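Participant: Can you read through this structure? Questions will come right after.
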Amino acid sequence: MTGSGLSNLNAFCYPVSNFWGGNAECDHRCHDEVDITLCFEDTAVLYSICAVFWLLAALKFLCGDRGKPAIPRNWLNIAKIALVCVPFIAALCDLIYTATKDTSQEAHFHYTSPIILMLSMALVAWVIFHERRTGLRSSGLMFVFWLAMVVYGSFKLRTLTLIAEDDNGVKDKFRFTTFVLQFTTYIVEFFLVFIPEPRAKRRHTQTEAEERRPCPEEDATFLSMITWWWLNWLIWRGWRKALEYSDLTDLNQEDKSGVVSPKFEANWNKEIKKAGLTFRPSTTKPARVDMVGYQPASESTENVVIQDG
């Protein structure tokens, strides 16, 4: 980074701290200990986390839902959204607190950081609501976001603690209190990610309800799915004895042929049209024609798929 660029960043952080290389409040006492400044944490680190989250949330919205039934309102979902209000309100209080003080004694990032955090928390609430509506029981996006916020908060808490030790106490008690509230919320939200949302209600006939053995993947969290932890019980059972049909569970609803086949057929027909092919009914082995729309010429005197013209 050039000297002029670093000077501009230091001016953005003045008088709280430099952007990098020591906190202005204790340069002569704790420069060697405070290796990451408050300004760097509340700008470069926080803004990077929020920017990545905004990008992933936008991609999630553009990619659409997974076609699962909506999850009913429940205490877990309500608690997640309610807890998001804590850092939002704390950031709003920080912004109002900064606006009421002497502007010459306030760093520019004291204005921008609370606004960025408020926008991010509002987006978090929308993502939680959207994922419930689309039937997502455990969110990888929220797992990554809250993990990043916990790491960010841990570094910031360390920095504030070192500065407080050198200053024989916390100077800015208001901002320290709001940060502790925010950091506590990050930790609670992170642990709530490990609890999957309740299952969406589906209608089953009496026979299906009696015979149904739900797949453990339905109750698996994001971390369990990426590590395949939810499959451990079947692996251990198969290691101890030969697996039988009774050991197996049902497929997930979205993986069953009744759901997959119509989607496959619709996309198959699109590709047939793109290729300029048409179907001609076959008089032999109709089951194969209905299933894949193709029959080898060696097994029939007719071609099922022919070129137009």
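Participant: Determine whether Ala82 is among the small types (Gly, Ala, Ser), part of a helix (DSSP H, G or I) and surrounded by 14 or more Cβ atoms within 10 Å (Cβ to Cβ).
Facilitator: Answer is no for this residue.
Participant: Kindly indicate whether Ser138 is within 30 Å of Cys215 (Cα to Cα) and either in a helix (DSSP H, G or I) or of a type outside the set (A, V, I, L, M, F, W, C) (or both). Before the answer, list the steps.
Facilitator: Working: within 30 Å of Cys215 (Cα to Cα): yes; either in a helix (DSSP H, G or I) or of a type outside the set (A, V, I, L, M, F, W, C) (or both): yes.
Judged against the criteria, Ser138 is a match.
Participant: Counting just the residues of region 81-100 that are of a type in the set (Ser, Thr, Tyr) and without any contact (Cβ under 8 Å) to a residue 24 or more places away in the chain, which one comes out nearest to Leu46 (Cα to Cα)?
Facilitator: Among those residues, the one meeting the criterion is Thr98.
Participant: Give me the residue from region 181-200 that is part of a loop (DSSP other than H, G, I, E, B) and open to solvent by less than 40 Å² (accessible area, probe 1.4 Å) and, out of that set, nearest to Pro87 (Cα to Cα).
Facilitator: Going residue by residue through region 181-200, those that are part of a loop (DSSP other than H, G, I, E, B) are 193-200.
So of that shortlist, the ones also open to solvent by less than 40 Å² (accessible area, probe 1.4 Å) come out as 193, 196-197, 200.
Details: Val193: 17, Pro196: 23, Glu197: 23, Ala200: 30 Å.
By that ranking, first place goes to Val193.
Participant: Additional query: Applying the selection to region 156-176, what residues are among the hydroxyl-bearing types (Ser, Thr, Tyr) and either under 25 Å from Val144 (Cα atoms) or more than 32 Å from the chain's Cα centre (by Cα) (or both)?
Facilitator: Correct list: Thr159 only.
Participant: Another question about this same structure. Kindly establish whether Gly276 is touching a strand residue (DSSP E or B) at 6+ places or on another chain (Cβ under 9 Å) and not acidic (Asp, Glu).
Facilitator: Values: touching a strand residue (DSSP E or B) at 6+ places or on another chain (Cβ under 9 Å): yes; not acidic (Asp, Glu): yes.
Yes; evaluated as a whole, the condition is true for this residue.
Participant: Right, next: When only residues in region 227-261 that are aliphatic (A, V, I, L, M) and over 26 Å from the mean Cα position of the chain (by Cα) count, which is surrounded by the fewest Cβ atoms within 10 Å (Cβ to Cβ)?
Facilitator: So the residue we want is Ala242.
Participant: Please verify whether region 275-287 includes one or more residues that are over 30 Å from Pro214 (Cα atoms), of a type outside the set (A, V, I, L, M) and at pLDDT below 50.
Facilitator: Yes, region 275-287 contains a residue that is over 30 Å from Pro214 (Cα atoms), of a type outside the set (A, V, I, L, M) and at pLDDT below 50.
Participant: Ok, one more. What is the residue count in region 53-79 for residues that are in contact with a helix residue (DSSP H, G or I) (Cβ under 8 Å, 6 or more places away or on another chain), surrounded by fewer than 18 Cβ atoms within 10 Å (Cβ to Cβ), among the aliphatic types (A, V, I, L, M) and under 29 Å from Tyr152 (Cβ atoms)?
Facilitator: 3
Participant: Any idea which residue in region 165-180 is modelled with the lowest pLDDT, counting only those that are over 17 Å from Cys85 (Cβ atoms), in a helix (DSSP H, G or I) and open to solvent by less than 70 Å² (accessible area, probe 1.4 Å)?
Facilitator: In this case the residue turns out to be Asp166.
Residue-wise test of (1) of a type in the set (Gly, Ala, Ser); (2) touching a residue at least 60 places away in the same chain (Cβ under 8 Å); (3) open to solvent by 70 Å² or more (accessible area, probe 1.4 Å); (4) touching a Phe, Trp or Tyr at 6+ places or on another chain (Cβ under 6 Å).
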{"position": "Leu119", "(1), (2), (3), (4)": "no, yes, yes, no"}
{"position": "Ile128", "(1), (2), (3), (4)": "no, no, no, no"}
{"position": "Leu136", "(1), (2), (3), (4)": "no, yes, no, no"}
{"position": "Phe143", "(1), (2), (3), (4)": "no, yes, no, yes"}
{"position": "Thr159", "(1), (2), (3), (4)": "no, yes, no, no"}
{"position": "Ile163", "(1), (2), (3), (4)": "no, yes, no, no"}
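Participant: Turning to a different aspect of this structure: Could you tell me whether Leu92 is aliphatic (A, V, I, L, M) and more than 19 Å from Phe179 (Cβ to Cβ)?
Facilitator: No.
Participant: Within region 214-257, which residues are touching a residue at least 40 places away in the same chain (Cβ under 8 Å) and part of a loop (DSSP other than H, G, I, E, B)?
Facilitator: Within region 214-257, Ala220, Thr221 qualify.
The values are calculated or read from the model by the stated rules, or taken from the named source; none is laboratory data. On a predicted model such as this, the values are computed, not experimentally measured, just so you know. Note that each Cβ is placed from the backbone with ideal geometry, even for glycine, and that neighbours are counted across all protein chains shown. What goes into the accessible areas is simple: the full protein's heavy atoms, side chains included, and nothing from ligands, DNA or RNA. Shrake-Rupley method; radii C 1.70, N 1.55, O 1.52, S 1.80 Å.
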